[in-house]
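Q: Shown below is the structure under consideration.
What follows is calculated from the coordinates using simple rules that are stated; it is not laboratory data. Values in this document were obtained by computation on a predicted structure and should not be read as measured data. For neighbour counting, all protein chains shown are included, and Cβ atoms are generated from backbone atoms with ideal geometry for every residue, glycine included.
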Amino acid sequence: MNKIYLFLISLISFLGIIVGIILNKIAKEEIKFGKFGARYFVWMKRIILILLIIIVTYFIENIALVLSFFIIGFILSIFLSEYFSLSLAMLFGFLNESKVFIIISSLVFLYGLPYGSMLRRIKKEYVLILLFFFFPLLFVFIEIKQDILIGLVSGGCLNYIIRR
C-alpha cells in the first residue's frame, strides 16, 4: 500500500473518539453512567485491547527482547495515555505494510467509540491524547525492530486492561 493511504487510514482510525463523542451527544439516554452503564464500555475497551495484544504478539521473533520492552511498556503506560500504546500498535502495522495494519486500525477506531462515549467534558488534557497518538508516527522514517514495538504495545495494553 502507498504510505499516504496508510497515513490516511491512521487518521481515520483516530476519528473513533470523535464519533464516540457524537454518539454520546445524540443518545444521552442510552449511555447511563450509573451503577452498570459504564461497565459495558469498559469491558468493550478491554476486549479490544486483548484482541490487539493477541494480533501483535503473533509476530514475535525474539522473546527476550519482547519481554524486556514489555516491562518498559507496562511502566510507561502508568504515565502515558492508552492512545500512546495504540499508536505504537499502528506504527507496528504501518512499518510492516501488511493487512494487519487494517485490522489494527479498525480496532483503534472501535476502541475510540467507547472512549469518546465515556468522555463527559472535553478538556485540554485530551488534546495531549492527540499528540500521543501522532508522536510514534515520527518513527516511520527510523528503522525499529518489531519486537521492541510488540513489547511496548503488549505491556502498555496489558496495564490498561488490569488498571481499568
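Q: Once label points are set 7 Å from the Cα along Cα→Cβ at both Ile63 and Ile75, what is their separation, rounded to one decimal in nm?
A: Going from the Ile63 label point to the Ile75 one covers 2.3 nm.
Q: For the range 85-92, take each phi angle, set θ = phi - 60°, evaluate the Karplus expression 6.51 cos²θ - 1.76 cosθ + 1.60, and give the result in whole Hz per residue in order, putting x for glycine and proline.
A: With the stated coefficients, the range 85-92 comes to 5, 5, 6, 5, 5, 5, 4, 4 Hz.
Q: Using a Förster distance of 25 angstrom, determine the FRET efficiency expected from the C-beta separation of Arg163 and Ile54, and round it to 0.05.
A: Numbers: r = 19 Å, r/R0 = 0.76.
E between Arg163 and Ile54, to the nearest 0.05, is 0.85.
Q: Determine, from the Cβ-Cβ distance of Ile18 and Lys145 and an R0 of 41 Å, the FRET efficiency 1/(1 + (r/R0)^6), rounded to the nearest 0.05. Before the final figure, lay out each step's value.
A: Details: r = 33 Å, r/R0 = 0.81.
Result of the calculation: an efficiency of 0.80.
Q: Show me 54-64, 10-20, 107-117, 84-94 ranked by packing, highest mean number of other Cβ atoms within 10 Å first. All intermediate terms of the calculation are to be shown ahead of the outcome.
A: On the way: 54-64: 13.5, 10-20: 18.4, 107-117: 22.5, 84-94: 26.4.
Result, highest mean first: 84-94, 107-117, 10-20, 54-64.
Q: If you don't mind, there's one more thing I want to ask. Computed on alpha carbon atoms, what radius of gyration and Dmax characterise the range 40-92, expressed in Å?
A: 11.8, 36
Q: Return the whole-Å distance between the Cα centroid of the range 98-118 and the Cα centroid of the range 39-79.
A: Cα centres, the range 98-118 to the range 39-79: 14 Å.
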